[in-house]
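These notes are about the structure you will find just below.
The values are calculated or read from the model by the stated rules, or taken from the named source; none is laboratory data. Fair warning: this is a prediction, and the values are worked out from it, not measured in the lab. Cβ atoms come from the backbone with ideal geometry, glycine included; neighbour counts cover every protein chain shown.
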């Protein structure tokens, strides 16, 4: 059964998470785009070990530490979305890639001549586990910071944090 966390306060705003068993299935900013319909912060999972581990990881992350989570990630999506999200996990901390580069990788994996960068953008935008599956590390081909469901201000802050420049509140 899926559990929903109480509000998690971060330097970039309030968030909440979902989990099943020992895995995080979602992490969203309150009010972000593509929030699953009817989903809101819970109140009953206050001492949940997965949510406590997630909160500790987030505290470390916002303190500038790059450490592996000590819990599993289990995002739910289509096979295509999940393939894109797996690629996002391979983008190194502090680095970026483009929608076009991801499209080329997916096309190669699927033995296709090409893949639409817009299709990749749709999957990236519907990533249900913000920050941990680093969709904020994907930028436009011209270096522009486009498309972040939590808002471009948060995307900029996350990239600045990972590049050692701190974040602006």
Scope segment 123-152; condition in a helix (DSSP H, G or I), under 20 Å from residue 76 (Cα atoms) and free of Cβ contacts under 8 Å to residues at least 40 places away in the same chain; matching residues: 136
Segment 70-100, residues that are over 24 Å from residue 36 (Cα atoms) and within 18 Å of the chain's Cα centre (by Cα): 70, 90, 91, 92, 93, 94, 95, 96, 97, 98
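Consider residue 23 carefully, then state whether it is surrounded by fewer than 17 Cβ atoms within 10 Å (Cβ to Cβ), closer than 26 Å to residue 156 by Cα, in contact with a strand residue (DSSP E or B) (Cβ under 9 Å, 6 or more places away or on another chain) and modelled with pLDDT of 95 or more.
Details: surrounded by fewer than 17 Cβ atoms within 10 Å (Cβ to Cβ): yes; closer than 26 Å to residue 156 by Cα: no; in contact with a strand residue (DSSP E or B) (Cβ under 9 Å, 6 or more places away or on another chain): yes; modelled with pLDDT of 95 or more: yes.
No, not satisfied.
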Scan of segment 137-151 for residues that are modelled with pLDDT of 95 or more and under 21 Å from residue 59 (Cα atoms), ordered by number: 137
Residues located in segment 157-169, provided they are crowded, with 16+ Cβ neighbours inside 10 Å and at pLDDT below 95: 167
Check on residue 164, more than 20 Å from residue 34 (Cα to Cα) and over 17 Å from the mean Cα position of the chain (by Cα): yes
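A quick yes/no check of all residues on (1) in contact with a helix residue (DSSP H, G or I) (Cβ under 6 Å, 6 or more places away or on another chain); (2) surrounded by 14 or more Cβ atoms within 10 Å (Cβ to Cβ); (3) touching a residue at least 40 places away in the same chain (Cβ under 8 Å):
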{"residue": "16", "(1), (2), (3)": "no, yes, no"}
{"residue": "30", "(1), (2), (3)": "no, yes, no"}
{"residue": "40", "(1), (2), (3)": "no, no, no"}
{"residue": "61", "(1), (2), (3)": "no, yes, yes"}
Residue within segment 90-97 that is in the same structural domain as residue 128 (by TED's automatic domain parsing), closer than 20 Å to residue 153 by Cα and not in a loop (DSSP other than H, G, I, E, B) present: yes
Any hit, segment 103-120, residues being touching a strand residue (DSSP E or B) at 6+ places or on another chain (Cβ under 9 Å), farther than 25 Å from residue 53 by Cβ and assigned to a loop (DSSP other than H, G, I, E, B): no
